[in-house]
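The values are calculated or read from the model by the stated rules, or taken from the named source; none is laboratory data. As the structure is a prediction and not an experimental result, all values here were calculated from the model. Every residue, glycine among them, receives a Cβ derived from its backbone with ideal geometry; neighbour counts consider all protein chains shown. These accessible areas exclude ligands, DNA and RNA; they are computed on the full protein's heavy atoms, side chains included. Shrake-Rupley method; radii C 1.70, N 1.55, O 1.52, S 1.80 Å.
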Amino acid sequence: MFYWFLKFLALGPVLKLIFRPWAAGTENVPKEGPVILASNHLSYSDWLFMPLVIPRRVTFVAKAEYFEGAGVKGWLQKKFFSGSGQVPIDRTSGSAAAGAIKTQLRLLSEGEVCGIYPEGTRSHDGRLYRGRTGVARLALEAGVPVIPLAVIGTDVVAPPGKVFGKFARPGVRFGKPLDFSRYEGMQDDRYILRAITDEIMYEIMTLSDQEYVDLYAQDSKKRDAKAAAQAEADEVWEEIRPD
């Protein structure tokens with residue numbers, strides 16, 4: 001109930017009024033039934049703008065810690081996250097990845113729309129990175145279609161490392177549903193999982209017009225941070241070294 005209050009009465013109308021988000025391909029999202037929405041990830045604001053442009057509830061999984069805070073602050077945080085379409089990861093599965101899939105399988109079995117970011121983390125430089133295969137495993141185990149989509153311009157509104165950047169009109173492009181039923185029962189084949197994930201990422205790349213990097217975003221962040229540290233060290237050395 002709180003979700004619909006935020007979406008249609010409180011937060012949603014304000015965001016629509018200020019930013020006027022646009023959408024294309026919304027007809028590709030079914031009006032009912034389980035489906036996975038697989039998106040690129042440019043900004044923390046992605047999960048705010050994308051659900052605004054379709055009438056259905058979109059649910060994401062989030063760290064369990066977001067729902068376990070104490071006192072008034074903890075209660076408010078829990079209400080906000082649950083009310084904005086997020087549910088805690090099931091911790092009984094031994095790992096965060098397994099817990100996330102278990103939670104999403106439950107939601108899909110109930111006919112929900114699950115949002116997922118195959119890259120696993122936000123892009124730090126606007127490029128599209130290699131997808132992790134959890135989205136493929138989820139699609140095969142649940143037996144549901146995957147709709148690739150691209151958020152555009154959210155990194156202008158809220159760039160990496162900033163709460164707010166500048167006013168812009170973000171958008172969302174939804175692609176046609178991808179059916180992977182031909183791979184039914186093959187969710188333990190890592191080559192199949194990689195092939196499915198790469199197909200999804202290719203569609204996201206086409207929708208977003210991003211440059212694709214065949215490297216995990218987390219690894220790229222570490223590499224770039226290391227290179228930046230080395231460049232800074234080299235600059236310091238140039239300043240202090242004897243002639």
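Here are the numbers for this structure:
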{"quantity": "Scan of segment 131-155 for residues that are more than 19 Å from ALA100 (Cα to Cα) and either open to solvent by 30 Å² or more (accessible area, probe 1.4 Å) or among the hydroxyl-bearing types (Ser, Thr, Tyr) (or both), ordered by number", "calculated": "ILE152, THR154, ASP155"}
{"quantity": "Qualifying residues in segment 186-215 (those that are farther than 23 Å from GLY115 by Cβ and without any contact (Cβ under 8 Å) to a residue 12 or more places away in the chain) - the one surrounded by the fewest Cβ atoms within 10 Å (Cβ to Cβ)", "calculated": "TYR191"}
{"quantity": "Spans of strands (runs of 3 or more DSSP E) in segment 1-110 with at least 3 residues modelled with pLDDT of 80 or more, surrounded by fewer than 18 Cβ atoms within 10 Å (Cβ to Cβ) and not charged (D, E, K, R)", "calculated": "22-24"}
{"quantity": "Some residue of segment 41-63 being within 12 Å of the chain's Cα centre (by Cα) and without any contact (Cβ under 8 Å) to a residue 40 or more places away in the chain", "calculated": "yes"}
{"quantity": "Top-ranked residue in segment 201-243 [being β-branched (Val, Ile, Thr) and modelled with pLDDT under 80; ranked as nearest to SER123 (Cα to Cα)]", "calculated": "VAL236"}
{"quantity": "Pick from segment 156-185, criterion open to solvent by 50 Å² or more (accessible area, probe 1.4 Å) and under 16 Å from the mean Cα position of the chain (by Cα), ranking: modelled with the highest pLDDT", "calculated": "ARG173"}
{"quantity": "Total residues in segment 216-227, condition surrounded by 12 or more Cβ atoms within 10 Å (Cβ to Cβ) and of a type outside the set (Phe, Trp, Tyr)", "calculated": "6"}
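Results for (1) acidic (Asp, Glu); (2) in contact with a Cys (Cβ under 6 Å, 6 or more places away or on another chain); (3) farther than 27 Å from SER220 by Cβ; (4) touching a residue at least 12 places away in the same chain (Cβ under 8 Å), shown as yes or no for each residue.
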{"site": "VAL72", "(1), (2), (3), (4)": "no, no, yes, no"}
{"site": "GLN77", "(1), (2), (3), (4)": "no, no, yes, no"}
{"site": "ASP90", "(1), (2), (3), (4)": "yes, no, yes, yes"}
{"site": "ILE101", "(1), (2), (3), (4)": "no, no, no, yes"}
{"site": "LEU107", "(1), (2), (3), (4)": "no, yes, yes, yes"}
{"site": "PRO118", "(1), (2), (3), (4)": "no, no, no, yes"}
{"site": "ARG137", "(1), (2), (3), (4)": "no, no, no, yes"}
